[in-house]
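Values quoted throughout were computed directly from the atomic coordinates according to the rules given, and no laboratory measurement underlies them. Please read these numbers as outputs of a predicted model, since none were measured by experiment. Using ideal geometry, Cβ is built from the backbone for each residue, glycine included, and neighbour counts are taken over all protein chains shown.
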């Protein structure tokens, strides 16, 4: 029965069983099996065994209780035909015809007492009946029996009277034959037409033969072959006989093998029969399958619970929840529940159908909320528009930087290149090139190695650029400050010293990055700013730790800017200080705009990374445009100015000298070149010379002069274009005024030099100037 219930798909059924040993034992066994298969019992009701005792109200109450559980359409009945017939009549009285589908035991299945007159109520019943084959010879034997030749059976006369509905002559009066008035003719005979044999005869013959074989085996073992019942067998204990009974194995009169299983039950062979309406108004019990050796075999297409409705009715307390829904069980009912939807980011627990579980970070439920699916990783892809734009900008900057490097290398020994400090210029160009290359590291898919490269290069490239600029501005500031206080040439202004200072500043950034890498190694990780996001980023992206890489370069920028402000009023001839100042001002504006943009785009990876790369590239572009475009202009467009004298000041004032007289109406104006070693000496002649020469420029030319002398080159004459005149007798000449400060405040005499003579690396005046 349990297999039938499972195959139909019922999980919520009621049970009615008669109050007898047969019914109670069946119910206990059925209750256990149903529980093991997660089938719940809705209603459990007992039937009174004696139908004469129970009234109709007792059956009506049973039906009414069944109606309280309308979801339990299936009902199993263990009982005899008389009690079940009373239930079917109560179903009709309660107008519940068709409300239930029955599964019956062999005690009432295929019994006319139940189905006759109750066909609509019994329709659709599935029942089990022990499978039995005809006993060979019994039908012929029984049809030949009469009252006369079967005197050994005292009940055979009553059977004869009931079968032929007559009163047998000289038969005893019984409560049953009093209603028959017609006497039997004694010529009545049993025939196949008026006699129906029950199929259970096989079980009777098998039971008798089982005892016969058990007694035989027991006699063989206990009586040593003696005929008849020996003393050892009388009296006998039932347990001893049961031992032999369990071991019997024989072929019955029906031709089937018979033996008991390990539980002491006979062979499990049952026919599955079904009561259905063949056509309107015509009902019939039909065989639809069998149950043999624990296996159910049946033809479900033959089953029809209602005429024209082959599908079995639902008998479940609650329908299965939809995919993604969890169950909340009704208190006290394990087969009844309410379904509820899991929340937006939850799925039903795979092992507990009553629980919803949240999807882990980086996943969201699928459309059915039955499984979590991964959110696609979001990172700046090289093929995206943001990355292509940033890389195009950087590639353009790389080409420009390489072009500038090429121009400088080509004109490496020209005055413009040498005066700008070749070594620091190349360091500066290397840093600018790194700034552009950082973009290509930023657009790569984050991995631990890529994150390490990004972390190191993001601050390192700026450090190289601004370390070089800081070294330049610091050198200019120290030269001018030193010239105000002493005649001594400042220390550490040679190219080698400048490179050492620059590399020392860069090493600080390398040390910072090294310590940072040890304390917090760079790694790629997933970041989930919102439940819908799955950002693949470097761990420095999560917080403000990227600022560790930029902290030191920012400090360099601030110091460079301070130096740019301090050196903004140097003589006009030294234009590079103004260019550095403009570079620093612009850089500060760019980075002040970048910081809020970077922290304001935390959820947009593409925009955040692109803004960083563009800011880095833009800072490099400002540096290369402001610092190198004036030099490129002179080198490429105005090469005639790429000479040593074009690097000198262009405005000088003339003074009257007591040692020089003019015969013409106007005095002769000649170039004036100062040979003062320091700015303090220039101050000494401040009253006579209106404009002084840039001390930094003097230092540059001093270094150039030393190199020229080492290479054996003759000294070059320096002529100021602002003091050149044309005339018949006017010629250009150079003079040098040297002064010595002594404690006795002695005067310094001026010696007139030849036209092209020069001492030191500064311009000279043709006239003698007394100090």
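So for the pair residue 330, residue 481, with labels modelled 7 Å out along Cα→Cβ, what separation do we get in nm? Going from the residue 330 label point to the residue 481 one covers 9.1 nm.
Note on the range 264-357: Cα-Cα pairs beyond 23 Å make up 56% of the total pair count. Computed packing ranks the peptides 458-467, 411-420, 342-351, 10-19 as 458-467, 10-19, 411-420, 342-351, most packed first, by mean other Cβ atoms within 10 Å.
Taking a quarter of the surface of the Cα convex hull of the range 137-286 gives a mean projected area of 14.9 nm².
Based on the Stokes-Einstein relation at 20 °C and a viscosity of 1.002 mPa s, and on the Kirkwood radius from alpha carbon pairs, the range 75-142 is assigned a translational diffusion coefficient of 164 µm²/s. Note on residue 292 and residue 144: the extension gain reaches 49.8 nm, defined as 0.36 nm multiplied by sequence separation minus the Cα-Cα distance. Derived from the Cα gyration tensor, the three semi-axes of the equivalent ellipsoid of the range 385-642 are 36, 20, 16 Å, largest first.
Dividing the radius of gyration of the alpha carbons in the range 325-369 by their Kirkwood radius gives 1.05 for Rg/Rh. Remark: spin-label model distance residue 352-residue 445 equals 3.8 nm, labels positioned 7 Å along the Cα→Cβ axis.
Full extension of the chain segment joining residue 595 with residue 56 gains 184.9 nm, where the gain is 0.36 nm per residue of separation less the Cα-Cα distance. Considering all different alpha carbon pairs of the range 145-189, the Kirkwood hydrodynamic radius works out to 10.5 Å.
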